[in-house]
1. Name the single residue that is nearest to the ligand (Cβ to nearest atom) among those in the range 68-86 being modelled with pLDDT under 90 and either polar (S, T, N, Q) or in contact with a Leu (Cβ under 9 Å, 6 or more places away or on another chain) (or both).
2. Could you please tell me which pairs satisfy a Cβ distance under 6 Å, a separation of 6+ or placement on different chains, a first residue in the range 67-92 that is more than 14 Å from LEU15 (Cβ to Cβ), and a second residue that is within 10 Å of the ligand (Cβ to nearest atom) and basic (Lys, Arg)?
3. Can you name every residue in the range 66-83 that is of a type outside the set (S, T, N, Q) and exposed (fewer than 13 other Cβ atoms within 10 Å of the Cβ)?
4. Residue check, GLU57 against (1) at pLDDT 95 or above; (2) in a loop (DSSP other than H, G, I, E, B), all met but one. Which one?
Amino acid sequence: MRKVFSSNEPIETVLVRDALLHGGIDVTIQNEYSGRSAIPGFRPPAEIWVDRDDDYERARRLVVATLAILDSAAESPSWVCSYCRQSNPPAFEICWNCGRDRVDSSARDPNR
Ligand SMILES: [Zn+2]
């Protein structure tokens, strides 16, 4: 196993993991549920490990591509799930928290 990614952002971790799984790369996440740390206020970053070392180079390229998409999308506003009120990155088409479809509930023009 080799570590290919680590992040303190749960959304980033989910997005990268999904991209790798869709690419046919088996991954294992470490520290995913690290909220209950022994040290208050300290959360070790979640880590994504590829199960097969042979997948590492391809996984690394997928991680870079995924983060680039995330970066370019960061300029658009995030959207709020109308079911669970979770804020989602604009690149997401479904809510990362509850899995429901994105519904354009934007309140940008409430007078219409
Ligand atoms: Zn939701």
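The values are calculated or read from the model by the stated rules, or taken from the named source; none is laboratory data. Given the structure is predicted, the values throughout are model-derived calculations rather than measurements. When we count neighbours, we look across all protein chains shown, and the Cβ atoms used for this are built from the backbone with ideal geometry, even at glycine.
1. First pass over the range 68-86, keeping only residues modelled with pLDDT under 90: 68-79.
Checking which are either polar (S, T, N, Q) or in contact with a Leu (Cβ under 9 Å, 6 or more places away or on another chain) (or both) leaves us with 69-70, 72, 76, 78.
On the way: ILE69: 21, LEU70: 19, SER72: 23, SER76: 18, SER78: 13 Å.
Of everything passing the filter in the range 68-86, SER78 is nearest to the ligand (Cβ to nearest atom).
2. That search, which allows pairs on different chains as well, returns TYR83/ARG100.
3. Passing the criteria: ALA68, ASP71, ALA74, GLU75, PRO77.
4. (2)
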